[in-house]
Structure formats: C-alpha cells, structure tokens
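Each remark here refers to the structure printed beneath this line.
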Amino acid sequence: MKFLTVLLLFPLIGLAQHQGKFSFEFGGGKNTFSMARLNQYYVNSFAIKNKMLEEGISSGDHFFIGLKYRPNTLFDFGLYGNYQFGKTSGKPEFIITDDFGQAIGTRELDFILKTEAIGFGISSCWYISHFLKFHEKESKFLNRFHMGVELNAGIGFSKAIVDLRDPELAYASSYEYFTSSDFQGQVSLKFEYDYLKSPIISSIGIKGGYQYFKTKTLKSRQGNDWIVLGEYPINLDFSGFFGTLFMSIGK
C-alpha cells in the first residue's frame, strides 16, 4: 500500500506544475451502517440478552482527506484517506457474592462495543456542471459553482473492539479486538462553491451518497474467526448512506 501511494503521488506532483487545479480536501460527516450480523447475532442475541447493551450500531461518523488534481472543468482525480467509526455502550451489573456464593451487592461496569475503519484509495469526480457550461456563465455564482458525481475505490482496514471495564478492579476488566481488510467503494453527488479565487482557490461544499464496505469474517489477534454462541461468524458491514461537509484548498 505504501508503494502504491508513492507510485500514484508522482504523476500528481508532476501534473501540479501544469495548468489546472491542484487541491487538498478535508471534511467529515455522518454515516448509516448496516451491521446486520453484528447486531443480530452479537448485540441482540448475546449482549442485550445478557443486559450488557441496550442497542446495536446503526450509524456513526467519518472524517476524510483527499489530494486531487483537476486538469480541466470536466473531471479531477487523486487519492483519499478516511476514518469512520460507530459505537454503542452499556453499564452491566456485576453481582458481588460472599464466600458461600450468596449475592451481597452489585457493582456497575462499563461496556463499549466500537467498530472503526481506516481506508485508502483513488478518487475521481466527473462534473455535471461542465456539461451545463457553468464555467462559461456570466453569473458569478454559477461561474464558481461545481456539481459532479464522485467515485472512490480502495481498501479498508476495519476493527471491532469489545471493551469491558471494572472501575474498581483492573484485573477483572477485559479488552479484545477483531480485524479484517476488504474492498471499499463509494459513489456520491458533490456540490461545491469557490468562495475565494485569489490568491488561492478555496471551496466549501457538501456531498452525499452510498458506500459499499462489507468485511469477511473478523479474526482475533490469534488469527481465529470471531464466532458467537458457537455457531455465528461475525463480520462488519459499513454499507449505507452518508453525508459530508468539506473544504477544499488549491491553486
């Protein structure tokens, strides 16, 4: 992956010295997640049943950065990186017993289930505003307004974290995580406006679309499949709709 990143950066750096817009983008927003198997077989069948959690994971947040080159008003292309996560938590009760096994009290524990992923890949946006000839309009607003369809494709490194903490007894706490690496693809409709054109081009915008990102069965640190209740292999499914606010700076 490092070699691929360097390989793709060289032509971008060379193109930046020609006419065109070389820009850096960053932003963040909200996601909806599927997480069907995680919610059905771990959260609902195990964690909620044992009063460890009250709900599953169905949404989360994301942040991204991008490096792009736009040779003309028709399209741009470049590299992206993103981070997305979702979590749910609960406060299960631990029953304190005496030497004879009789309950003598309870203590509240902290339980967190978190899903997260870091992604890297290539990106390209094709501008509908080019075909509508916005760049030739006399209107200052239309001349600075861009609308396009953006495609992202890359690899995502995902993780599910199961963290149970006893505030009073550190040795009674447990922490485990499960991982996978898989294809990540996104398609979105993008709107941006150049609010500055000199001495640099700065834009703000929004985009929204759909992400496909479904993992294989997760594996533990020891390389074993994550199997719940002895029969249900667990994977993550970050697939769903997303919305993003972003800023772009270029010249």
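Between 169, 53, 189, find the one with the highest GNM mean-square fluctuation for the chain; connect C-alpha pairs within less than 10 Å.
Between 169, 53, 189, it is 169 that shows the largest mean-square fluctuation.
Report, in listed order, any pair from 49/114; 91/190; 30/91; 137/207; 49/87; 49/159 with a Cα-Cα distance greater than 30 Å. If you can, show how the numbers build up before the last one.
Details: 49/114 18 Å; 91/190 41 Å; 30/91 26 Å; 137/207 23 Å; 49/87 18 Å; 49/159 23 Å.
Checking Cα-Cα distances, 91/190 exceed 30 Å.
Once the piece of chain linking residue 141 and residue 94 is laid out straight, how much longer is it, given 0.36 nm per residue of separation minus the C-alpha distance between them?
Details: separation 47, 0.36 × 47 = 16.92 nm, distance 6.14 nm.
In short, 10.8 nm is gained.
Looking at the chain, I'd like the Rg to Rh ratio, where Rg is from alpha-carbon atoms and Rh is Kirkwood's inverse mean 1/r. It would help to have the intermediate numbers written out before the result.
Numbers: Rg = 23.3 Å, Rh = 20.7 Å.
Answer for the chain: 1.12.
Please work out the FRET efficiency for the pair residue 161 and residue 245, using the Cβ-Cβ distance as r and a Förster radius of 22 Å; give the result to the nearest 0.05.
Working: r = 27 Å, r/R0 = 1.22.
Calculated transfer efficiency: 0.25.
Restricting to DSSP loop positions (anything but H, G, I, E, B) with no more than 12 other Cβ atoms inside 10 Å of their own Cβ, which GluC sites (Glu not before Pro) remain in the range 15-94? Each step should come with its number before you reach the end.
Details: sites: 25, 54, 55, 93; in loops: 54, 55.
Those that pass, being in a loop and sparsely packed, are 54.
If I model a spin label at residue 183 and residue 75 as a point 7 Å from the Cα along the Cα→Cβ vector, what separation in nanometres do I get?
Calculated label separation equals 1.9 nm.
Output the 0 to 90 degree angle, nearest 10, between the alpha-carbon long axis of helix 2-15 and the longest principal axis computed from the alpha carbons of the chain.
20
Taking only DSSP H segments of four or more residues, each worth -39500 (n - 2.57), what value at 222 nm results for the chain once the sum is divided by all its residues, to the nearest 500 deg cm²/dmol? Please report the intermediate quantities before stating the final value.
Details: 3 runs with 23 residues, N = 251.
So the calculated ellipticity at 222 nm is -2500 deg cm²/dmol.
In Å, what Rg and Dmax follow from the Cα atoms of the range 74-203?
25.6, 86
If the reach is capped at under 17 angstrom between alpha carbons, list the aspartates and glutamates near residue 219, excluding any in the same chain fewer than eight residues apart.
Of all the aspartates and glutamates, those that pass the test against residue 219 - Cα under 17 Å, at least 8 places apart if same chain - are 116, 163, 176, 182, 231, 237.
Mind telling me which of 40, 184, 211 comes out most flexible in a GNM of the chain, alpha-carbon contacts under 10 Å?
Between 40, 184, 211, it is 40 that shows the largest mean-square fluctuation.
When the Karplus curve 6.51 cos²θ - 1.76 cosθ + 1.60 is applied with θ = phi - 60°, which whole-Hz ³J(HN,Hα) does each residue of the range 226-240 get, with x for Gly and Pro?
7, 10, 9, 6, x, 8, 10, x, 10, 10, 10, 9, 7, 4, x
Just so you know, all these numbers are worked out from the coordinates, no wet-lab data involved. All of these numbers come straight from a predicted model, not from anything done at the bench. Using ideal geometry, Cβ is built from the backbone for each residue, glycine included, and neighbour counts are taken over all protein chains shown.
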